[in-house]
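Remarks on the structure that follows.
Computed from the coordinates by the stated procedures, all read-outs in this text should not be read as laboratory data. In this text, all values refer to a predicted model and were calculated from it rather than measured experimentally. Cβ atoms come from the backbone with ideal geometry, glycine included; neighbour counts cover every protein chain shown.
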Amino acid sequence: MFRAEMETVPKIDLHCHLDGSMSLETVRELSGREVQPEELQVTDECRSLAEYLQKFDLPLQCLRTEKGLETAAFRLIEEVAGENVKYIEVRFAPMLSAHENLSGTQVVQAVLKGLAAGRTKFGVWSNAILCAMRHHSEEQNLGMMKIAREFLGQGVCAVDLAGDEAAYPMREFASLFEWARRWELPFTIHAGECGSVLNVTDAVAYGARRIGHGIALKDHLEAQHICREKGIGIEMCPVSNLQTKAIQKIEEYPLEQFIRNGLCVTINTDNRTVSNTSLTKEIEMVKKYWHQTDKDIIQRMKCAVEVAFLTDQEKDELLNCYSSAEG
């Protein structure tokens, strides 16, 4: 399949961060200065997730007003529409934008307004995932979850835990996700990006329906079996996984192993700008290095629909997109 044809394939992106996906032009507009690409993008010399996360500082400064939040959300939908993304779950951390003049609730409302405007203009269906942050206090993270509960089913579909996984292991957040379960908040969790398979199995034990990245599952067949039996979606982001050194060599990337062992693997962008990627580029990479055919790519997209935070009826609507694509 040539790139032009690949761009027309209906796509699903379940793991895309708003702050890491703000275009250079949007950051320039909102910051009011001439921003250079290297201020937002990592290079192949990136040594770790902690170093990768430094690229978020400037975009986050642009997400501290309602205008900035709404604009960023709208522009992201405009961008993904260009490669025929049919559904995207956009994640962000409200408490990183909130301050004394902007509440967490206002942050969420502004993003949802931008996403809704994007759907109206470009026809791209979206939901928001609200992120707790590993370095935030439990009080801050619980405050975020209360907001998520307020907007659940009204543009917000789930919550997440993001941040420096190596510095904050999963077991520190058991009580936080006990609250998520009590409040019936669906959740995904960033886990296994920094080498700890225990973080993955703990996340699943706490009730996560999906795992962000999950690279540490590599060669751990028992943990993979647990994820397969529970139908856990694995949100793989090949370009960023290599940049953050979640895996050291492209030959060691476990995508084929996970698929072969029956895991529900999805292909995602993570951070379109920081990683200088798109869903089309991710698919090209998967086809080139891991022997995935056009039919396999369609199956990855259908798998994404299966584990999306949607109702069965909504999933059926999305699956209809693939009837003609498979033919």
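Quick check on my link table: of 55/113; 113/281; 146/315; 245/315; 245/281; 55/287, which ones sit more than 30 Å apart, alpha carbon to alpha carbon? Result: 245/315 exceed 30 Å. Considering only 248, 293, 203, the residue lying farthest towards the positive end of the dipole of the range 170-327 is 248, judged by Cα position with unit charges set on Cβ. Simple spin-label estimate for residue 135 and residue 205 gives 2.8 nm between the two label positions (7 Å along the Cα-to-Cβ direction from each Cα). Amide H contacts of residue 46: none lie under 5 Å away among residues 5 or more positions distant or on a separate chain (H built 1.01 Å from N in the peptide plane; Pro and chain starts excluded).
In order along the range 265-270, the phi-based Karplus estimate (6.51 cos²θ - 1.76 cosθ + 1.60, θ = phi - 60°) of 3J(HN,Hα) comes to 8, 10, 10, 9, 9, 6 Hz; Gly and Pro are listed as x. Remark: the residue 39-residue 183 segment gains 47.9 nm on full extension, using 0.36 nm per residue and subtracting the alpha carbon distance. Comparing 220, 17, 136 in a Gaussian network model of the chain (Cα springs below 10 Å), the most mobile by mean-square fluctuation is 220. Counting charges near residue 86 (Lys, Arg +1; Asp, Glu -1) among other residues having Cβ under 10 Å from its Cβ returns a value of -1. Summary of the geometry: the range 134-154 and the range 266-327, compared by the centres of their Cα atoms, lie 29 Å apart.
Each label point was placed 7 Å from the Cα along the Cα-to-Cβ direction; for residue 288 and residue 47 their separation is 2.7 nm. Rounded, prolate or oblate: which fits the range 3-319 when a ≥ b ≥ c are the square roots of the eigenvalues of the alpha-carbon gyration tensor, with rounded for a/c under 1.5 and prolate only if a/b beats b/c? Rounded, because the longest to shortest axis ratio a/c is under 1.5. Measuring r between the beta carbons of residue 116 and residue 296 and using R0 = 25 Å, the FRET efficiency lands at 0.15.
Annotation: amide H-H contacts under 5 Å for residue 158 (H modelled 1.01 Å from N, sequence separation of 5 or more, or interchain): 130.
Cross-link partners for residue 67 among the aspartates and glutamates, with Cα-Cα distance under 17 Å and sequence neighbours closer than 8 places in the same chain left out: 19, 25, 29, 78, 100.
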